[in-house]
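Q: To start, I am sharing the structure in question, which I have written as structure tokens.
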Amino acid sequence: MDMTRTNYSSGAPLEEKVGYSRMVKVGPFVKIGGTTSVQPDGTVYGQNAFEQTKYVLEKQVALLEKAGASAADVVSVKVYATDMGECGNICQAYSEIFHDIRPLCTVVGTSALNRPTQFVEIEMEAIMS
């Protein structure tokens, strides 16, 4: 099995400054690091957990496609939420993309993210078939 490593950037300035990748693919394994709903212009997309979750998941699926993977290859999703009372809305957004694929899904409560207007941060893992 070819285990070549490919790093992917989302273009966020902090990635270059700190030295991290948004997504790393090694062989058929793809891991996307914690992603929030920050847009390319630096503003936060979405006014609630549903909108932010949907935005982030769509952003991550688009990243997967750059690596030759798809939503169907996702095996695990981990959501960090600043308000566990929003779990229903988070799960609704998740279900719109992953209901029939059925990857693992964990929602973890956290006291805060980088900005007070960020409600979710999501990590994702895929294994290309």
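The values are calculated or read from the model by the stated rules, or taken from the named source; none is laboratory data. The model shown is predicted, which means the values in this text are computed figures rather than measured ones. Positions of Cβ are generated from backbone atoms using ideal geometry, with glycine treated the same way; all protein chains shown enter the neighbour counts.
Q: Say we look at the stretch 75-129 and pick out the residues that are at pLDDT 95 or above, small (Gly, Ala, Ser) and surrounded by fewer than 18 Cβ atoms within 10 Å (Cβ to Cβ); which of these is farthest from residue 57 (Cα to Cα)?
A: Restricting to residues being at pLDDT 95 or above, small (Gly, Ala, Ser) and surrounded by fewer than 18 Cβ atoms within 10 Å (Cβ to Cβ), the top hit is 111.
Q: Which residues, counting only those in the stretch 1-28, are part of a strand (DSSP E or B) and crowded, with 16+ Cβ neighbours inside 10 Å?
A: 8, 23, 24, 25
Q: Also: If you scan the stretch 39-65, which residues turn out to be farther than 14 Å from residue 117 by Cα and not in a helix (DSSP H, G or I)?
A: 40, 41
Q: Then there's this: Within the stretch 69-76, does at least one residue satisfy the condition of being within 19 Å of residue 7 (Cα to Cα) and part of a loop (DSSP other than H, G, I, E, B)?
A: Yes; the residues of the stretch 69-76 include at least one that is within 19 Å of residue 7 (Cα to Cα) and part of a loop (DSSP other than H, G, I, E, B).
Q: Another one. From (1) in contact with an Asp or Glu (Cβ under 8 Å, 6 or more places away or on another chain); (2) closer than 17 Å to residue 81 by Cα; (3) among the charged types (D, E, K, R), pick out the condition that doesn't hold for residue 51.
A: Result: residue 51 fails condition (1) only.
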